[in-house]
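Please read the structure below before turning to the comments.
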Amino acid sequence: MNSTPDDVIAATLVALAVGLAFIAGCAVYYGRRITSRRIPMQWGTDGQPAWFAPRLVGLWSSFGITAALSTFLLILAHHDPQKLTALIVATVSVIGTNMWVHVYHLKRVIRWQSQAPAN
């Protein structure tokens, strides 16, 4: 298989589009089940929320972080072809990790919400 750098970047852009669509879909799907105005963004060692953010920020921050980091890495890959492989691996890793973390976070928020006495 003989791929040009532009083909590799194009394939990575497809992966980014799929990843962002997945994250957006999760934000919409799970967001309908989250009724709290402020949701936990991080949990302490005791399993209790460490800090909260507005619902909109909590639902969509992963989308913004994934888009920003991936865009930055793709720009670097475009301008520094010698590091193309490493930057593409980093980009795909960011996308995949943020997809998993987003689902885990939203499911944990829903579980927290169902166990909290009053939000």
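Values quoted throughout were computed directly from the atomic coordinates according to the rules given, and no laboratory measurement underlies them. Only a predicted model underlies this, so the values are computations on that prediction, with no experimental measurement involved. Cβ: placed from backbone, ideal geometry, glycine included. Neighbour counts: every protein chain shown.
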For the chain, calculated [θ]222 nm from helices alone, where every DSSP H run of n ≥ 4 adds -39500 (n - 2.57): -25500 deg cm²/dmol
Amide H neighbours of residue 43 at under 5 Å, excluding residues fewer than 5 places away on the same chain, with H built from the backbone geometry, are 50
Extension gain, residue 60 back to residue 36 (0.36 nm per residue minus Cα-Cα distance, nm): 7.2 nm
Could you tell me how many degrees, from 0 to 90 and to the nearest 10, lie between the Cα long axis of helix 5-31 and the main elongation axis, the longest principal axis, of the Cα atoms of the chain? 10
Mind checking the angle between helix 84-115 and the chain's longest principal axis? C-alpha axes, 0 to 90 degrees, to the nearest 10. 10
In degrees, nearest ten, helix 55-79 long axis to first principal axis of the chain (Cα): 10
Identify the trypsin sites (Lys or Arg not before Pro) of segment 1-94 meeting these criteria: DSSP loop state and at most 15 other C-beta atoms within 10 Å of the C-beta. 32, 33, 37
